[in-house]
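Since the structure comes first, as structure tokens, the remarks are kept for the end.
The values are calculated or read from the model by the stated rules, or taken from the named source; none is laboratory data. Since the structure is predicted, the reported quantities are computational estimates derived from the model, not experimental observations. Here the Cβ is made from the backbone with ideal geometry for all residues, glycine too, and neighbour counts use every protein chain on show. Accessible surface is based on the protein model in full, side chains and every heavy atom, while ligands, DNA and RNA are left aside. Shrake-Rupley method; radii C 1.70, N 1.55, O 1.52, S 1.80 Å.
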Amino acid sequence: MKDNTATPSSPFTIAKFGGTSVANFAAMEKCADIILKQKSVRVVVLSASAGITNLLIELATGVDATQRAALLAQVRDIEYAIINQLSQAEIISQEINRLLDNIEMLSEAAALATSDALTDELVSHGELMSTLLFVELLREKGISADWFDVRKVMKTNDLFCHAEPDMAQLTELTQSLIQPRLTETVIVTQGFIGQEPKGKTTTLGRGGSDYTAALIGEALGMSRVDIWTDVPGIYSTDPRIVPQAHRIDHIAFDEAAEMATFGAKILHPATLLPAVRSGIPVFVGSSKAPEEGGTLVCAQTDNPPVFRAIALRRNQTLLTLHSLKMLHARGFLAEIFTILSRHHISVDVITTSEVSIALTLDTTGTTSSSGSLLTNALLTELSALCRVEVEEDLALVAIIGNSLSQVNGLGSQIFGTLEDYNIRMISHGASTHNLCLLVDGKDADNIVRKLHDTLF
């Protein structure tokens, strides 16, 4: 087996383009122009065209015949709006039609019985189509480009909808199947799909395309990972909430990882893990305006500020577990987390008292057929141990910075600003890079605005 601790040794870069970057023909052309200008780009990872994944997920829920026909027509319209502007439309339309037929067949099967495995198979078609169309566009522009099925290298476990890659296999297969071709052609592949041991298609979860790009970049020792989206870099907070938010030109891995983890949509939370391991810088820019520059995420920056950014993550659920058995008891927490692990539940923020535990769960982008993390089976198992309370429609606001645990007066500065709002939960001290507040979802935007005005 080849070494899986590759360091940046290649002159090449890998570029990932998100759904809005490949939403239509005009958007795809801008991506192609970036590749034309940046000769170092040899691997391209694409998401599905904007809107397609949501349509496919809806089809996977088992809708009736009338809804199914309407959704299939929307998918076809988005794809054909691109096909019809290609010079060689007849050639590529045959392949797209085959995939559209598959989507129809799978959606009919979902109407009879839904499953996470069927959902993943159906949803994967969005990226299969976008990558086929993009290869054709690149060739029309005179770029040597080959389509590559990422499932040949992205081997995963069988946790459908949230599959985890087998890193050793990924590295070995990527180095044997992709690396030898980099000097001859641009490889175009998919972002968030994989394959489990029995050959079924899996997905890495929403936003996993960033992670795939970083993993392949690491395996190939790329000099940089470029994440192209619809925003020219990483901002101090979401500019749609705070128009005065400023772009951060350089940010350290630690800070960017905190931002991604706590909801900054510009990067998938796992993206930076491979980059940190291998010391590969990550560039974030806008495919719509590449000339505006962007943000470079690197190992460290000069004179990092106390307050760097504010991240917001919606769709949070607070699970509060009460039991007198916790009082001076050993092993209770371990038992709770064993149950959560058995149901594939990842906990984000946690606080405890003598007789209760409060923890947050992120339900953003859940693509499972059940549509919920809190299944009846999980709640039944927890209820056998303790009293369970569930609160939904909450939001997590994270203040990102440096050495926050050493800042005098931090509490008064923040909570004085938010005296008009109910703070449901606070987490501080576990990391010097963040302070987290769980708040009512309807208050989240105003809280972010007030904090940004005060801290920046």
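One line per residue, one yes/no per condition, for (1) farther than 30 Å from residue 294 by Cα; (2) open to solvent by less than 50 Å² (accessible area, probe 1.4 Å); (3) part of a loop (DSSP other than H, G, I, E, B); (4) in the same structural domain as residue 119 (by the TED database):
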| site | (1), (2), (3), (4) |
| --- | --- |
| 29 | no, no, no, yes |
| 44 | no, yes, no, yes |
| 48 | no, yes, yes, yes |
| 56 | yes, yes, no, yes |
| 62 | yes, yes, yes, yes |
| 66 | yes, no, no, yes |
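Just give me the residues in region 99-135 being assigned to a helix (DSSP H, G or I) and over 24 Å from residue 208 (Cα atoms), in sequence order.
If the condition is that a residue be assigned to a helix (DSSP H, G or I) and over 24 Å from residue 208 (Cα atoms), then 101, 104, 105, 108, 109, 111, 112 are the ones that fit.
Looking at residue 58, is it free of Cβ contacts under 8 Å to residues at least 24 places away in the same chain, more than 15 Å from residue 122 (Cβ to Cβ) and not aromatic (Phe, Trp, Tyr)?
no
Looking only at region 211-261, which residues are within 16 Å of the chain's Cα centre (by Cα), of a type in the set (Asp, Glu) and open to solvent by less than 10 Å² (accessible area, probe 1.4 Å)?
Of everything in region 211-261, just one residue is within 16 Å of the chain's Cα centre (by Cα), of a type in the set (Asp, Glu) and open to solvent by less than 10 Å² (accessible area, probe 1.4 Å), namely 226.
Of the residues that make up region 158-167, is at least one in a loop (DSSP other than H, G, I, E, B), within 28 Å of residue 26 (Cβ to Cβ) and of a type in the set (Phe, Trp, Tyr)?
no
Kindly indicate the residue of region 117-147 that is open to solvent by less than 50 Å² (accessible area, probe 1.4 Å), under 23 Å from the mean Cα position of the chain (by Cα) and not hydrophobic (A, V, I, L, M, F, W, C) and also farthest from residue 36 (Cα to Cα) among those meeting that condition.
119
Here are some residues: 299, 309, 289. Which one is of a type outside the set (D, E, K, R) and buried (at least 20 other Cβ atoms within 10 Å of the Cβ)?
309
Looking at 96, 35, can you tell me which residue is in contact (Cβ under 8 Å) with a residue 60 or more places away in the chain and assigned to a helix (DSSP H, G or I)?
None of the others qualify; the one that does is 35.
Determine which member of the set 187, 251, 241 is assigned to a strand (DSSP E or B), over 21 Å from residue 53 (Cβ atoms) and not assigned by the TED database to the domain that holds residue 60.
251
For region 36-51, indicate whether the set of residues that are within 13 Å of residue 129 (Cβ to Cβ) and in contact with a strand residue (DSSP E or B) (Cβ under 6 Å, 6 or more places away or on another chain) is non-empty.
Looking for residues that are within 13 Å of residue 129 (Cβ to Cβ) and in contact with a strand residue (DSSP E or B) (Cβ under 6 Å, 6 or more places away or on another chain), one finds at least one in region 36-51, hence yes.
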